[in-house]
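**Q** Would you mind keeping the following structure in view while I ask a few things?
The values are calculated or read from the model by the stated rules, or taken from the named source; none is laboratory data. If you're wondering where the values come from, they're calculated on a predicted model, not measured in any experiment. Methodologically, a virtual Cβ is constructed for each residue, glycine included, from the backbone with ideal geometry; neighbour enumeration extends over all protein chains shown. Protein only, heavy atoms only, side chains kept; ligands, DNA and RNA dropped before computing areas. Shrake-Rupley method; radii C 1.70, N 1.55, O 1.52, S 1.80 Å.
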Amino acid sequence: MYARVGRPSIAPEKLLRAQLLQLLYSIRSERLLMEELDYNLLFRWFVGLNADDQVWDATVFTKNRDRLLEADVAKEFLAQVVEQARGKGLTSDEHFTVDGTLLEAWAGAKSFQPKDKKQPPSDDPGNPTVNFRGEKRSNETHESKTDPESLLARKGEGKESKLSYSGNLLVENRHGLIVDAEVFQANGTAERDAGLVMAERIPGTKRVTLGGDKGFDTQGFVAECRNLGVTPHVAQNHARPGGSAIDNRTTRHPGYSISQRKRKRIEECFGWLKTIALMRKVRHRGVCLVHWIFTFACAAYNLVRLRNLTAAVPAV
């Protein structure tokens with residue numbers, strides 16, 4: 001029997017396979033995953049356990065998995081999946097879309113406290129009583145004691161603010177496969193910053209197009225895209241001060257309207273990641289760990305998408 005004190009090592013490939021099962025089947029916790037592995041023979045076969053092998057303790061699995069979080073395994077896994085799709089001619093190397101979404105952090109609103117103000121002893125350490133009425137809270141004056149790297153953000157006007165991270169994707173326009181992913185702090189400009197970082201990493205030297213919503217229609221983002229050899233096909237935002245940064249030189253081309261139609265596919269990626277892969281509220285803390293699990297989930301999405309794309313079409 002495994003002992004918690006020794007924490008025996010688990011083969012990395014088995015850890016990754018088990019982590020992949022957790023994302024694909026929306027298993028909420030490592031403890032539930034171990035229960036599934038205990039009686040599900042198909043899961044055992046996929047991970048590499050024999051029918052009579054003892055399943056790992058949940059704590060042992062978590063501690064071993066955390067060692068992988070420090071490596072670039074997720075990034076390499078995503079790159080290998082993308083390369084497999086590229087080898088089958090399923091990806092575009094010219095037309096891309098970028099967008100971001102808020103990932104709710106694993107921290108409660110009560111943990112968002114003043115940075116330099118000592119809090120009085122709590123009446124209940126597990127669930128303290130906190131009165132926010134009349135208190136102005138912002139990321140400049142407050143921070144989460146549970147996850148200091150998360151920031152208070154909201155999706156739009158009239159929406160509630162939550163401690164969050166900014167999860168960003170770069171998707172190719174042919175079949176909507178994720179080719180790159182980034183997680184930044186939700187500081188208000190994270191989507192545009194991540195978009196430029198991922199655009200700079202697009203392989204090749206020929207000019208490419210980059211679609212996006214109205215949030216990317218700023219003078220700075222458009223100018224930097226053109227400096228990188230990227231044609232910005234972002235939606236025009238005529239309501240912004242100074243008007244849209246995209247003029248008729250870009251919109252008159254047929255490719256611009258095609259990019260505007262194709263860019264909606266990125267929402268399918270976010271929908272799957274949040275509902276199936278449970279990325280709506282991440283269970284890891286800190287930008288690095290959230291980025292790891294978010295990238296790994298993107299690779300899982302691509303595997304599902306590849307299965308659908310390469311499935312044999314039945315004869316009529």
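**Q** How many residues does the stretch 267-316 hold that are outside any helix (DSSP H, G or I) and of a type in the set (Gly, Ala, Ser)?
**A** 5
**Q** Within the stretch 144-166, can you find the residues that are small (Gly, Ala, Ser), part of a loop (DSSP other than H, G, I, E, B), more than 18 Å from residue 194 (Cα to Cα) and open to solvent by less than 70 Å² (accessible area, probe 1.4 Å)?
**A** Answer for the stretch 144-166, where residues must be small (Gly, Ala, Ser), part of a loop (DSSP other than H, G, I, E, B), more than 18 Å from residue 194 (Cα to Cα) and open to solvent by less than 70 Å² (accessible area, probe 1.4 Å): 156, 161.
**Q** Collect the residues in the stretch 222-250 that are farther than 13 Å from residue 195 by Cβ, outside any loop (DSSP other than H, G, I, E, B) and in contact with a Ser or Thr (Cβ under 8 Å, 6 or more places away or on another chain), keeping them in residue-number order.
**A** Listed by number, the residues that qualify are 231, 250.
**Q** Whether any residue in the stretch 51-65 is open to solvent by 20 Å² or more (accessible area, probe 1.4 Å) and closer than 21 Å to residue 210 by Cβ is what I want to check.
**A** For the stretch 51-65, residues open to solvent by 20 Å² or more (accessible area, probe 1.4 Å) and closer than 21 Å to residue 210 by Cβ: absent.
**Q** While we're looking at this one, here's another question. Quick one: which residue in 264, 281 is open to solvent by 10 Å² or more (accessible area, probe 1.4 Å), under 22 Å from residue 85 (Cβ atoms) and of a type in the set (D, E, K, R)?
**A** 264
**Q** Give me the pairs, please: first residue somewhere in the stretch 271-299 and free of Cβ contacts under 8 Å to residues at least 60 places away in the same chain, second residue anywhere and assigned to a helix (DSSP H, G or I) and open to solvent by 10 Å² or more (accessible area, probe 1.4 Å), beta-carbon distance under 9 Å, and either six or more positions apart or on two chains.
**A** The qualifying pairs are 272/301; 272/304; 272/305.
**Q** Go through (1) part of a helix (DSSP H, G or I); (2) in contact (Cβ under 8 Å) with a residue 40 or more places away in the chain one by one and return the number of the condition residue 184 breaks.
**A** Going through (1) part of a helix (DSSP H, G or I); (2) in contact (Cβ under 8 Å) with a residue 40 or more places away in the chain one by one, residue 184 breaks only (1).
**Q** Could you check residue 175 against (1) of a type outside the set (Lys, Arg); (2) farther than 24 Å from residue 305 by Cβ; (3) open to solvent by 10 Å² or more (accessible area, probe 1.4 Å); (4) in a loop (DSSP other than H, G, I, E, B) and say which number it fails?
**A** Exception for residue 175: condition (2).
**Q** Also, quick follow-up: Which count do you get for residues in the stretch 66-120 that are within 15 Å of the chain's Cα centre (by Cα), open to solvent by 20 Å² or more (accessible area, probe 1.4 Å) and under 20 Å from residue 147 (Cβ atoms)?
**A** The total comes to 4.
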